[in-house]
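Where a number appears in this text, it was derived from the coordinates with a stated rule and is not lab data. Every value quoted in this text rests on a predicted model; they were computed, and no experiment measured them. Cβ sites come from the backbone with ideal geometry, for glycine too, and all protein chains shown count toward neighbours.
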Amino acid sequence: MGRLTPIDTTYFKDERAGDFTVIGSAVQRSDARGHVTGRTLFFEDLTPPGLTHVKIHRSTRHHARIDRVDVSGALEVPGVLRVITHEDVPNNWYVVLRLIGVGPDDEPVLAEDRVLYRGEPIVAVVAETEEAAREGAARVVVDYTDLPAVLDVEAALADGAPIIKQAGTNHFVYEGHPCRRIRFGDVERGFAEADRIIEGRYSSSPIEHAPVEPTGCIVVPQGDGRLRIHSNTQAAFFTLDNTALILGVPPTSLRVVGGTVGGGFGGKVDVIVEPLACLAAMLTGRPAKYVYSRAEEMQVSSTRAAEHIHIKDGVMDDGRIVARQVTLYVDAGAYSRHSPYGTTKAAAHMPGPYTIPNVHVDCYCVYTNRTPSSAMRGFGVTIGDFALESHMDHVARELGMDPLRLRLKNAYRDGDMKAHRKIASGTALVEVIQSAADLVGHDLPPEYRAMSSAERPEG
Amino acid sequence: MPSTIVTLKLNGTERELIARPSTTLLSALRDTFGLTGAKRGCAQGGCGSCTVLLDGRPAVSCLIPVVTVDGCAVETVEGLADGDRLDDVQQAFVDHFATQCGFCTPGMIMSATALLNREPAPTRQDVTEAICGNVCRCTGYEPIVTAVLSAAESRRDGAAEGRHDSAAERRHDGAGERHRDAAAPLSGKAAG
Ligand code: FES
Ligand code: FES
C-alpha cells in the first residue's frame, strides 16, 4: 500500500535517514477480521454454565444519611440467591490510586451510613436471572435523612460550606497544600510591569464517555480456587491489584482476562464492577456477571471532570505575555478515583506551551455531591487546553493581533526555562504552527515564517 | 404464559428453540445459539449494535420477543463470510478502517448489508440514512460511509462481470493480495 502522507524529513535529517516503511503508510489492524466476522470475543460473549447476575440498589439522594436498609423484600423475589451489603466486603474503603501511593481510602465499595451522590451503590443483589436481580434490587428499601448537598466546586470551597468528606476538607490535600501549585518568578511584579491585564473565565460540563459496550465483567470460579475475571477493563493489572486489596486476597488468587474493550476512552479504568462480581462468585460459588445497564453507564459511571478555570494575563502591547495566573478547579465529584492525579496533570500542563517569566498556578481537586469523575482521554489536560487556547485567542483579539503570531511570539524555544523549572528541549510548536498555516493557506509575514524553535528572536 | 417452541431460519438453516414470552431475539441468538456477533449495547433499541436481518430487513433484535418472529428468516453477521472469505461489506470495513473497537461493527455491517441488498447503487445520503440507527463512538462514521460506498462498488463490479458465484473467488484473491500488502511493511519490502 502506498504512502498516504508525504513526510518532511528535514527536521531530523541529522539524526536518522528518512527511509520509513511503516510511518505514513496504512497498516491494517490485527483485530479487524475478528470484528467484521463477529468472531472477536467481548467479555459478555461468554456464557458459563450456572451464571448468576448482579444488580445494584442505588442512592436516590445527592447527599444523605442512611437510617435503615431493609433487604427482606429482595430476598423474597424468586431467583434471588443473596444480597451483598458493605458488611460483606472485606476491605470496603479504597482509592484506586493507592497503587501509586495516593491516599486516603475515601470511597466505599458499598455505602455504609451515608451516600455522597445520586446513584451511589448501597446493596448488590445476586440472582439466577437478570430479571430477578433487577427486581430484587428494586425491592430494597432505604430510609434516608437528607443532608445539604454541594454541587459546585467554588461553592464547595467557600467559607461555611458543608464539609462532605470524612478527611475534613472538600478538597484533596497535596503535601499539606489545598491545591497543586506552581510558583515561578513574581506574578504580581509581572502584572505591574505589563501594558495590559487580560482576564478570562472558562468552564466545562461533565462529559460521559458513552462507550457502545457497557462496563462489565464475568467472574468464573476455577477448580483451583482462583477467580478468573473476564473484564472489559482498560487497566487489567490495576483492576487485579485493586480487586485483591478490596477482597483481602493475594493477587495470585485472581486472574484477569481482558484486552478486548468495546470502547473505553478512559471510562473503563476505574475498578467498579470487578470487586462486587468477585464477591458474588465467592459467596455463591457460581459464575457471576455484573454489567451496567445503558442507564447506569450514562448516569453512574465516571465522567470527565467539569472544570472552572480562571486565567489572568499580564501582556505587553507587542504580544509578549509577561505574567500568567491560573486558578483551576477540577470537580472530582463525590470520590477521588483518578482525579487527584488528573489535577496534578492539569498543573503540569500550565501555563501552556509558552515561555512566560512569571507564573502562579493553583489547581484544586474539589469534592462535590456529583457523580465521581475520573479518567477520560487526556484528562486534566484537555479542558485546560480549551481554556488556555481560548484565552490566547481572547488576548489576540484584545490586542488586535493575529492569533497565530501571538502564539509564535510566546511559544517555547529550546533552552527556555519552563515554569516547572525544566529546560525546554525538542520543542516544535513554532514549526507546527508554520506548517498548519501553510496547510490552510494562512499568510504569515516573513518575520514569523523565519522563526524557529531552535532560537528565540530578539525582543 | 408458558414457554413455546419457536422455529427460525437462521443463516439459512432451520433451528428450533424453547422460548419464554420475554425472551428477546437477541438473547435467543446469543444465549441459545451462541451467535454472539450481535451485541447488546443498550437493550433498549437505541444503539443498533444488536441489528440483524429479519426476512431481509434490518431489525434491532433486543426489542423483539422471539415468539413473535416464529418462522422468520434471520441473518446475522456470522452468516456473511464464506469460510475465511469475507464478503464485500466485511472486506470494505477492513480496508477502509471502518472498525476500531469493533463493538458496533456487526450491527453496522448488517444495516449496510440490508441497504445494499435493496439498493445496489446507494448515494452517500442513502448510506447515512441506512446507518442512522447504529451508534459508533469510535470512528466518527466517515470511514464507515466510505466503506459502504466502496462495498457497493465492488458488488456492482462483481455483478457487471457476470460472476455470480465467482464473486467469492474474487474476494478470495483480493484477500490474498491484501494479506501480502499488510505483511510486507513488516518485512521491509513495501517502502515507497
Ligand atoms: S442493544 Fe439493541 S439497539 Fe442497543
Ligand atoms: S468501532 Fe467502536 S463503537 Fe464503532
Rounded to whole angstrom, the alpha-carbon centroid of region B:123-157 lies from that of region A:93-142 at a distance of 41
Restricting to Cα pairs under 8 Å and 6 or more apart, the percent relative contact order of region B:80-173 works out to 41
Per the 1/(1 + (r/R0)^6) rule, R0 = 56 Å and r from the Cβ atoms of residue B:7 and residue A:113, FRET efficiency to 0.05 is 0.50
Once phi for every residue in region A:370-380 is put through the Karplus expression 6.51 cos²θ - 1.76 cosθ + 1.60 (θ = phi - 60°), the whole-Hz ³J(HN,Hα) values, with Gly and Pro written as x, are 10, 3, x, 9, 7, 6, 6, 3, x, 4, x
Highest mean packing first, using Cβ neighbours within 10 angstrom, the peptides A:69-79, B:108-118, A:389-399 sort as B:108-118, A:389-399, A:69-79
For A:145-155, A:354-364, B:17-27, ranked highest to lowest by mean beta-carbon neighbours within 10 Å, the order is A:354-364, B:17-27, A:145-155
Computed for the protein assembly as shown: size of charge dipole around the Cα centre, +1 on C-beta of each Lys and Arg, -1 on C-beta of each Asp and Glu, debye to nearest 20, value 720
Each residue of B:8-15 has, on average, a number of other protein chain C-beta atoms within 10 Å of its C-beta equal to 0
Shielding of B:105-113 by other chains, given as the mean Cβ count within 10 Å, works out to 3
In nanometres, the difference between 0.36 nm per residue of separation and the alpha-carbon distance of residue A:199 and residue A:390 is 67.6 nm
Mean separation of Cα contacts under 8 Å (at least 6 apart) over the residue count of chain A, i.e. the relative contact order in percent, is 16
Rounded to one decimal in nm, the spacing of the 7 Å Cα→Cβ label points at residue A:146 and residue A:417 is 5.5
Once the in-chain neighbours fewer than 8 apart are removed, the aspartates and glutamates whose Cα is under 12 Å from residue A:422 read A:414
Ordering A:125-131, A:215-221 by per-residue average of other C-beta atoms within 10 angstrom, highest first, gives A:215-221, A:125-131
Per-residue ellipticity at 222 nm attributable to helices in chain A (runs of n ≥ 4 DSSP H, -39500 (n - 2.57) apiece, nearest 500 deg cm²/dmol) works out to -7000 deg cm²/dmol
Charge dipole of chain A built from unit charges on the beta carbon (Lys, Arg +1; Asp, Glu -1), centred at mean Cα; most positive-end Cα among A:265, A:138, A:288 is A:288
Among region A:181-213, those whose backbone N falls under 20 Å of a label point 7 Å along Cα→Cβ from residue A:397 are A:196-205
Rounded to whole angstrom, the alpha-carbon centroid of region A:437-456 lies from that of region B:66-106 at a distance of 49
Across B:84-97, the residue-averaged tally of Cβ atoms belonging to other chains within 10 Å stands at 3
Going through A:13/A:418; A:268/A:345; A:289/A:345; A:312/A:345; A:312/A:409; A:55/A:165 one by one, the pairs whose alpha carbons sit over 30 Å apart turn out to be A:289/A:345
